[in-house]
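Only one structure is covered here, and it is reproduced in the block below.
The values are calculated or read from the model by the stated rules, or taken from the named source; none is laboratory data. Keep in mind the model is a prediction, meaning the values are calculated, not measured. No Cβ is skipped: glycine too gets one built from the backbone with ideal geometry, and neighbour counts run over all protein chains shown.
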Amino acid sequence: MNRAVLPVIVLASSKAWQAAIEREFPASMLIWALDENDLLAEADDYLDSAVIVEFAATGEGAAMKWLRLVLEQRRQVFVLASIQHSAHAERLRALGVADVVVAISDTTRLHAMISRHNDRAPEHKLTLEQQIESALPWRS
């Protein structure tokens with residue numbers, strides 16, 4: 001059985017967070033979402049994948065859209081927040097967010113948490129489409 005290499009779905013708008021994530025995770029592991037709708041579509045395709053969302057990329061109003069991902073049992077959502085938005089951290093954790101990361105230096109810890117999540121994900125066969133997509137050299 002092919003062990004699925006679970007991608008990490010990312011919605012981040014600030015260059016600092018994008019660069020930190022690109023340094024920490026292999027490019028082949030990342031799926032970059034353009035907006036909340038794209039994030040939800042990608043999340044539907046990869047049910048067991050972890051999701052990283054920058055709070056500033058969506059704002060409070062749009063956060064309700066991606067917070068529904070938290071309600072799915074297998075979904076781990078990690079939130080990136082600037083110091084200005086760190087006041088929301090406790091509320092987000094109370095809603096079920098796996099963790100809120102406020103320091104760019106914590107992306108190493110974020111990577112470790114997502115690796116543990118991926119290790120616990122159930123094994124399943126990759127579809128032919130997923131096998132081809134993951135093998136493409138330009139996938140990033």
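Just the residues that are more than 19 Å from Arg23 (Cβ to Cβ), small (Gly, Ala, Ser) and surrounded by 13 or more Cβ atoms within 10 Å (Cβ to Cβ), please, taken from the range 82-97.
Ser86, Ala89, Gly96
For the range 28-69, filtering for residues that are of a type outside the set (A, V, I, L, M, F, W, C), at pLDDT 85 or above and not in a helix (DSSP H, G or I) leaves 3. Every test in (1) crowded, with 19+ Cβ neighbours inside 10 Å; (2) at pLDDT below 80; (3) closer than 21 Å to Arg23 by Cβ is passed by Val100 save one, and that test is (2).
Comparison of Pro7, Pro26 shows that the only residue that is surrounded by fewer than 13 Cβ atoms within 10 Å (Cβ to Cβ) and closer than 16 Å to Glu133 by Cβ is Pro26.
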